[in-house]
Each structure stands twice: as structure tokens, then as C-alpha cells.
Amino acid sequence: MTPKKDIFIVLTGTGTAFSGVIRWFTKADLNHASIAFDSELREVYSFGRKKMHNPFIAGLIQENFVDPFYNGADCAIYRLRVSREEYDTMHNHVTGMMQNQERYKYHLLGLVGVLLNVKIDREDAYFCSHFVASLFEDTEFHPVNKPSCFVTPEDFALSLCPHKIYSGKLSYYLRGVPSISARPSAVHNSAPVSGATATARIIRGSEEMVEGVV
């Protein structure tokens, strides 16, 4: 049997003014999508703000969900099982992008294209859900049955219901993860860190929290 590994899609809603603008495009409360390579959400990537108080400086980021910025954030977490080879390919692709982080820009016009159902190409530019969906293009599992440039966070929510392991406050989920307070305090890190292997105990604890929160 081919060894499998878990990848996680994380949808979040922070309630900021810029988040409200994105919600106008996406029509979803959880309007930011990220990809995580471990259940503890230590190694999480997306396209979003690089400066906590300036949403207009945005691009490829590694997110730090323990920063106070995310204290009130709602989230939904989906666990997807892929082959070890696919996991490594996706992880290597993202870490390779991180080595040229400044090359990648936030594709705000791409959101307009989603609204108009028109593909708007811009080299090395993504919005959050576009980036996450694009990573699955060369895998057997396709989270949403549409081109990645048209995928929204709500598309993930609608397509991945059977894969949901948690829904509620992001901070509640993180409380169930050992040693989470040992992570760096910056909102975003410019260099990737190694993720830990997901454990069945953490997943079970997350599922129990779902029952108590939602």
C-alpha cells in the first residue's frame, strides 16, 4: 500500500475591514484560505498581508496563527490525504517559492476576474484560494472541480464537507496542540520551518472540540 500523508486546508475569517472587502467578492464569512503541512498548523502558507496593520502590502506569506491578530478568528479545517510523493512535491514547491518570496504578488485583479467569471492572468500573482487550489493541479485529488484561478474559499467549504475535522474559533483548536506557545511571535515568517507529524490524538481532540463549539 502506498504511504499516505495529510495536508490541511484552513479557512479563516478575521473580521477586519479588508476581510470585509474580500467577503464582498467571495460571499463567504470564512474568506481566507491557507494550506498547512501539519495538524498543529505550524507550517501554514498563503497569499495575504505581510504587515499586520497594512493589508495593501500583500503577497506570499508563512502565517503564524498564534499571533494576537488571529485571537478572534473563526476557522474551518479540512484534512486531505495524499500520497507521500504528492505531499513532498507540494511541500517542495511551496518552500521553493518561499526562497523567492518577494517575487510573488497578491492578485487583487484575479478576484475581480472571479466576480466576472473572466480569467485575468498576471505572472507570479495569486490570491489566497487560487494559490491553494493551484498546488493540487498535479495531484490525483482536486478539491474543487474548476480552474484554480476561479476557486474561492467558499468553493473549498462546499466541496470538502466530508473532510472537515474542525469548525469554530481558531484559538480553541490551537489550545489542543502541544507546545504551541513555543512558536515565534511574528505574524508571518519569511523562511519555512519544519512541520511535525500529525497524530491521531490531536485529530480526535479537534473533533471533540467541534462537538463542543458548533
Q. How much net charge surrounds Ala73 when only other residues with a Cβ under 12 Å from its Cβ are counted (Lys, Arg +1; Asp, Glu -1)?
A. -3
Q: Give me the number: length gained by fully extending Lys51 to Tyr172, i.e. 0.36 nm times residue separation minus the C-alpha to C-alpha distance, one decimal in nm.
A: 41.1 nm
Q. Just the accessible area per residue of region 85-156, please: how many Å² with a 1.4 Å probe?
A. 54
Q | Entries of Lys50/Lys119; Lys50/Lys164; Lys5/Lys164; Lys119/Lys146 with Cα pairs more than 19 Å apart | A | Lys50/Lys119; Lys50/Lys164
**Q.** Rounded if a/c under 1.5, otherwise prolate or oblate - region 75-155, Cα gyration tensor axes
**A.** oblate
**Q.** Sulfur and carbon atoms: percent of accessible area, region 42-114 [1.4 Å]
**A.** 50
Q. What does the charge count near Pro147 come to, summing +1 for each Lys or Arg and -1 for each Asp or Glu among other residues with Cβ under 10 Å from its Cβ?
A. +1
Q. For region 27-175, what class follows from the C-alpha gyration tensor (a ≥ b ≥ c being the square roots of its eigenvalues): rounded when a/c is under 1.5, otherwise prolate if a/b is larger than b/c, else oblate?
A. rounded
(Q) I need the calculated FRET efficiency for the pair Arg103 and Glu137, taking r as the beta carbon distance and R₀ as 22 Å, to the nearest 0.05. (A) 0.70
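The values are calculated or read from the model by the stated rules, or taken from the named source; none is laboratory data. All values derive from a computational prediction rather than experimental measurement. Using ideal geometry, Cβ is built from the backbone for each residue, glycine included, and neighbour counts are taken over all protein chains shown. Keep in mind that these areas ignore ligands, DNA and RNA; they rest on the heavy atoms of the full protein, side chains included. Shrake-Rupley method; radii C 1.70, N 1.55, O 1.52, S 1.80 Å.
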